[in-house]
Amino acid sequence: MEFKSVTKKYGDVVAVDNLNLSIPRGKITVFVGPSGCGKTTSLRMINRMVEHTSGEILVNGEPNTAQEPHKLRRSMGYVLQQAGLMPHRTIVDNIATVPRLNGTSAKSARTEALQLMETVGLDTSLAKRYPAQLSGGQAQRVGVARALASNSSILLMDEPFSAVDPVVRQDLQKELLRLQSELQRTIIFVTHDIDEAVLLGDYVAVFAVGGRLAQFGTPEEILREPADDFVASFVGRDRGIRRLTFAGASDVKIHPLTSQNTPWQQWELKVEDGKPAGWIIDGRTIPGGSLFVEGGTLRDALDSVLSSPSGVGVAVDRNGKVLGLLKSEDVLAATEAERHRRYGVNA
Ligand SMILES: Nc1ncnc2c1ncn2[C@@H]1O[C@H](COP(=O)(O)OP(=O)(O)OP(=O)(O)O)[C@@H](O)[C@H]1O
Ligand SMILES: [Mg+2]
């Protein structure tokens, strides 16, 4: 998919300003930026819910104006912030709508809809409910299922997870990444949350006020080398820490668990059935910090150290069993080594 010198004006207001952008096939591209910078407009121009003022948008090499708007729209999945479900139709019928419009029989459209519910982690017992009878997170999953039902290789998602609480949001993000690893669709995902952009995007397009594309690149590139002051301020002060998301922690030593390994002798890790269960000090048990799960990133390793009441992180395997302890000095040394490697400088 490609935007070629695409501009959208509403009267005098330039919503999108001369956008040039190639969107890679089979990847997640995130449009991120502050409110009013033209993200939704850019997304909607792809399937012609909004018509561009000038320039050209190519979909699979063809100008999107070559197809009837309603056909184009049906050929792409579209997920909205508020799921946008039809209130008077059941969940299963909501999901089956587009396949029905495309001529699939009622029976197979429903069978497929039930399968898709499972795919997105929804209990099929919810099939006969109406949208108002679902939680926000469930409704968003229905939205995703419905978009997948179009069976199109292109999915457009406009802030699909912004109306749900942070925990549900994390679940939905993980679910999307899992689905994408199987489906490899071309996904365009709009958000104003840089953390979400960095987590989900294979590529990120940062939009600035006035509908200008400020930078396009991998999340790692954008955090490492913001193109201008706007991008630097938008990606924020924590970008050094965010960048550690892209570095593995295999260099960080995991110390075997002995009481001498804590910085202060009085801290003792409580272990139950091989799993960490808090820290003991002066006979009191204090909840532990975040755990470093084997194979995690340097950011996870650093967080496990910083969040631990004892000042040492706890490493666990994928089953949650204690592997050992992480020390802050080792984590910092690993970030140093990573920096030297990145810039090709010898330590
Ligand atoms: N139908 C419309 N008529 C007039 N102006 C519009 C219309 N839709 C959008 N705009 C203007 O175009 C600009 C870009 O809007 P757009 O909705 O694309 O922003 P956005 O980046 O999606 O913002 P948000 O993060 O708030 O959703 C804004 O200045 C907006 O006011
Ligand atoms: Mg928007």
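Bear in mind these aren't lab numbers, they're just calculated from the coordinates by the rules spelled out. As the structure is a computational prediction, the values presented were derived from the model and not from experiment. Don't worry about glycine lacking a Cβ; one is built from the backbone with ideal geometry, like all the others, and counts go over all protein chains shown.
Would you pull out the residues with amide H under 5 Å of residue 157's amide H, same chain only if 5 or more places away, H placed 1.01 Å from N?
79, 188, 189, 190
In what sequence, highest mean first, do 190-200, 3-13 appear when ranked by Cβ atoms within 10 angstrom?
190-200, 3-13
Neighbour counts of other C-beta atoms within 10 Å: give me 93, 251 arranged from fewest to most.
Arranged by neighbour count, lowest to highest, 93, 251 become 251, 93.
How much net charge surrounds residue 61 when only other residues with a Cβ under 13 Å from its Cβ are counted (Lys, Arg +1; Asp, Glu -1)?
Local charge sum for residue 61: -1.
Can you tell which of 250, 280, 233 lies farthest toward the positive end of the dipole of the chain, using +1 and -1 charges on the Cβ of basic and acidic side chains (Lys, Arg; Asp, Glu)?
Value: 233.
Multiply the residue separation of residue 115 and residue 35 by 0.36 nm, subtract the distance between their alpha-carbon atoms, and state the gained length in nm to one decimal.
Using 0.36 nm per residue and subtracting the Cα-Cα distance, I get 25.2 nm.
How far apart, in nanometres, would the label points at residue 102 and residue 12 be if each is projected 7 angstrom from Cα along the Cα-to-Cβ direction?
Spacing of the two 7 Å Cα→Cβ label points: 4.5 nm.
Work out the FRET efficiency for residue 284 and residue 174 from their Cβ-Cβ distance, taking R0 = 56 Å, and round it to the nearest 0.05.
The value I calculate is 0.95.
At a Förster distance of 35 Å, what's the computed FRET efficiency of residue 321 paired with residue 345, Cβ-Cβ distance as r, to 0.05?
Calculated value: 0.40.
What's the exposure ranking of 279, 267, going from fewest to most Cβ atoms within 10 Å?
Listed from fewest to most nearby Cβ atoms, that is 267, 279.
Counting other C-beta atoms within 10 Å, which of 49, 117, 1, 157 has the fewest, and how do the rest follow?
49, 1, 117, 157
Based on the mean of other Cβ atoms within 10 Å per residue, sort peptides 223-235, 61-73 so the most packed one is first.
223-235, 61-73
With both bridge residues required to lie in the chain, what share of the DSSP beta bridges run antiparallel, to the nearest 5%?
60 percent
With unit charges on the beta carbon (Lys/Arg positive, Asp/Glu negative), name the residue among 310, 102, 151 whose Cα is farthest towards the positive pole of the charge dipole of the chain.
102
Rounded if a/c is under 1.5, else prolate if a/b beats b/c, else oblate: with a ≥ b ≥ c from the C-alpha gyration tensor eigenvalues square-rooted, which is the chain?
oblate
Which whole-number percentage describes the relative contact order of the range 259-341, with Cα contacts under 8 Å and a sequence gap of 6 or more?
Averaging sequence separation for qualifying contacts and normalising by length gives 23 percent for the range 259-341.
For the chain, what relative contact order do you get, as a whole percent, if you take Cα pairs closer than 8 Å and at least 6 residues apart?
RCO, the chain: 16 percent.
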